[in-house]
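Engineer: I'd like to ask you about the structure that follows.
Values in this text are rule-based calculations from the coordinates and carry no lab data. Please read all numbers here as calculations on a predicted model, not as lab measurements. Please note: Cβ atoms are built from the backbone with ideal geometry, for glycine as well, and neighbour counts cover all protein chains shown.
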Amino acid sequence: MTALPLGNDAALDDGARTWHRDALQAEVDALRDRLVAQRTQVLATLMDNGAAWVVADLAAAAADIVHVPLPVFFTPEQIGHALQAAGVDTVLTPPALAARWAGAPTEALTVAAQPLAMLRLPGAPVPMPAGTAKITFTSGTTGAPKGVCLSGEAMRRVAQGLVEAMAPLDIRRHLCALPFAVLLENIAGLMAPLMRGATCVVLPLEQLGLRGSSSFDAARFQDVVVRQQPHSIILLPQMLRAWVGHLMQSGQRAPESLRMVAVGGAAVGAKLLQAAQAVGIPAHEGYGLSEGASVQTLNLPGAARAGSAGRALPHARLRIAADGEVEVAGSLFSGYLGHPQALQAPQAWWPTGDLGTIDADGFLHIQGRKKHVLITAFGRNVSPEWVETALRGENAIAQAVVFGDGEPALSAVVWPTRPDLPDTALQAAVDAANHTLPDYARIERWLRGRADFSAASGLATANGRPQRAAILQMHADALETTPRPNL
């Protein structure tokens, strides 16, 4: 793999110092040489956002070393699984986190002004597809994360596609608001801007108001955005919802510097996008998946359609299978780590598991997960994500999960945007959402969640997607339904 080409004006800004292209390249070269000298084959990083993470990512690419980014919010069990599954022989992490590997040979070093510990592990080589440059571990719907093997070429293809598509916006300053270990920010928030020659603002996540995987302080985030004046940001839907709510309540607006706020990870909904635009946030929905090396489609200023996931980016090809499943090609992964067929060439088109349509103008409309389709007792097929998006479009509801497979009517577990909201406000929100839905897709019964939908509670994945089976298990008695496997 060849190193990522850095644009002439590429830079990192960590709030205390700016590394311009030559200084950044010097840091990358120094770490690359050190990794090569100790014969590292698979490098894992367990670090917060910052310049050092970016240097490690670029150095691994330059040295043809497999990089395994680990989210700091992974549990020790998930981290241990990932290290063993990928055959990691070197870990780069802050000294405070290095203590969990007591007894491992450790060296102290400084990368981009950040003190780090480099640990050597007795990692045994594991089979992986040829050309694997990065293994991204998705939290998925079970405790054991799944390793997706990506080539450098697939990732560069996505980054280049984003550069081409967003060229008219002339993005020169991007604020990184998601963990770098999450592929979306890694590719679209680092690789693409640096290739373009932009400055990436790389602050520790807590400074941005993000703690763990699901706690977000929108007031702190607004202060940072105003101070940093970025041109672009990438957010998860729940972060956008909280930011919009804060701006509406405080009477503030987003700074005029913003040209693009991309939102991905789950369905956004037209109401939330409209509310964002009303407070000055140029929010646009996109769609992607780890198996396609991140972003595949994106709405853009001047080329947007509310309720859609946008048009295919230059690197991506999309089609709809006979059963309605979205299939993608153009930047596919190389295989799953540890899968019996991992060493075989991937198929030309990848079935995403999502149901959707492509309209006459090329905009992709996602209708929900294929495996989540509910069939009511009256034989109606309903995608719960469709109904959930309608519920989350109401100001009172932060999260919702819909059930009703085999039942005469649908039910939902909802979580409010504020804990002090009374049930009457939630009922009004459910009624308003029902008004936009046909009778067979309306919510007849609902209840307030017994815990927030977060990774900490076990009711959501690390990127905020609800764990349907866990939510049903916790609320089955109140819903008067029987938990079903494989939800």
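Engineer: Taking 0.36 nm per residue of separation and subtracting the Cα-Cα distance, what length does fully extending residue 206 through residue 420 add?
Structural biologist: Gain on stretching residue 206 to residue 420: 74.5 nm.
Engineer: Only sites in a loop by DSSP and with at most 12 other Cβ atoms within 10 Å count here; which chymotrypsin sites (Phe, Trp or Tyr not before Pro) in segment 218-314 make the cut?
Structural biologist: Here no chymotrypsin sites (Phe, Trp or Tyr not before Pro) fit, given the DSSP loop and packing criteria.
Engineer: Per-residue ellipticity at 222 nm for the chain, helices alone: DSSP H runs ≥ 4 residues times -39500 (n - 2.57), over residue total, nearest 500 deg cm²/dmol?
Structural biologist: So the calculated ellipticity at 222 nm is -8000 deg cm²/dmol.
Engineer: As a test, work out the antiparallel percent of DSSP beta bridges whose residues both lie in segment 348-470, rounded to the nearest 5.
Structural biologist: Counting DSSP beta bridges with both partners in segment 348-470, the antiparallel share is about 75 percent.
Engineer: Nearest 5 percent is fine: what portion of the DSSP beta bridges confined to the chain is antiparallel?
Structural biologist: Just about 65 percent of them are antiparallel.
Engineer: Can you tell which of 204, 366, 376 lies farthest toward the positive end of the dipole of the chain, using +1 and -1 charges on the Cβ of basic and acidic side chains (Lys, Arg; Asp, Glu)?
Structural biologist: 204
Engineer: Relative to the Cα centre, what is the charge dipole magnitude of segment 276-407, using +1 at the beta carbon of each Lys and Arg, -1 at the beta carbon of each Asp and Glu, and rounding to the nearest 20 debye?
Structural biologist: Computed charge dipole of segment 276-407: roughly 220 debye.
Engineer: Another one. Exposed loop GluC sites (Glu not before Pro) only (DSSP loop, at most 11 other Cβ atoms within 10 Å): please give the longest stretch of the chain free of them, not including the sites.
Structural biologist: So the longest stretch without any such site is 1-255.
Engineer: I want to check the label-to-label distance for residue 348 and residue 386. Put each point 7 Å from Cα in the C-beta direction and report it in nm to one decimal.
Structural biologist: So the two model labels end up 3.2 nm from each other.
Engineer: Please give the helix 237-250 orientation as an angle from the longest Cα principal axis of the chain, in degrees from 0 to 90, rounded to the nearest 10.
Structural biologist: Result, in degrees: 70.
Engineer: Right, next: For the pair residue 450/residue 229, report the inter-label distance in nm, with labels modelled 7 Å from Cα in the Cβ direction.
Structural biologist: Between residue 450 and residue 229, the simple spin-label model gives 5.2 nm.
Engineer: Applying 1/(1 + (r/R0)^6) with R0 = 35 Å to the Cβ-Cβ distance of residue 106 and residue 9, what FRET efficiency is obtained, to the nearest 0.05?
Structural biologist: Calculated transfer efficiency: 0.40.
Engineer: Suppose R0 equals 56 Å; then what is the FRET efficiency for residue 120 and residue 248 from their Cβ-Cβ distance, rounded to the nearest 0.05?
Structural biologist: According to the calculation, E is roughly 0.60.
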